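The values are calculated or read from the model by the stated rules, or taken from the named source; none is laboratory data. Only a predicted model underlies this, so the values are computations on that prediction, with no experimental measurement involved. Positions of Cβ are generated from backbone atoms using ideal geometry, with glycine treated the same way; all protein chains shown enter the neighbour counts.
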């Protein structure tokens, strides 16, 4: 099992949530579409050669983003990462993939 996090602009939240769910992400037991998201403030400096979604070459940009997080099983991981990248408006989306320890799933 894996946890995926992706940074995205607020206006893309619904589209990326749908893409993740359709690719098999966010399933926990008898539930689907299990995801969390929260607002963050991010900054970056766009360098020469970039084609930014937001910002200008050589300038620091600050913007509100969301971090979307969900669990994904190994079988669906490639499809979910691919779906995120396809649906995402950024030239270089930040997608974090973390392998979860088996101890996370032990019964209480």
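Some notes on this structure:
- Number of positions in the range 64-79 that are loosely packed, with under 12 Cβ neighbours inside 10 Å and under 11 Å from the mean Cα position of the chain (by Cα): 0
- Within the set 82, 36, the sole residue that is surrounded by fewer than 13 Cβ atoms within 10 Å (Cβ to Cβ), in contact with a strand residue (DSSP E or B) (Cβ under 9 Å, 6 or more places away or on another chain) and either assigned to a helix (DSSP H, G or I) or at pLDDT 95 or above (or both) turns out to be 36.
- Residue 15 being under 20 Å from residue 79 (Cβ atoms), without any contact (Cβ under 8 Å) to a residue 12 or more places away in the chain and in contact with a helix residue (DSSP H, G or I) (Cβ under 8 Å, 6 or more places away or on another chain): no
- Within the option set 17, 60, being touching a strand residue (DSSP E or B) at 6+ places or on another chain (Cβ under 9 Å) and surrounded by 13 or more Cβ atoms within 10 Å (Cβ to Cβ) holds for one residue only, 17.
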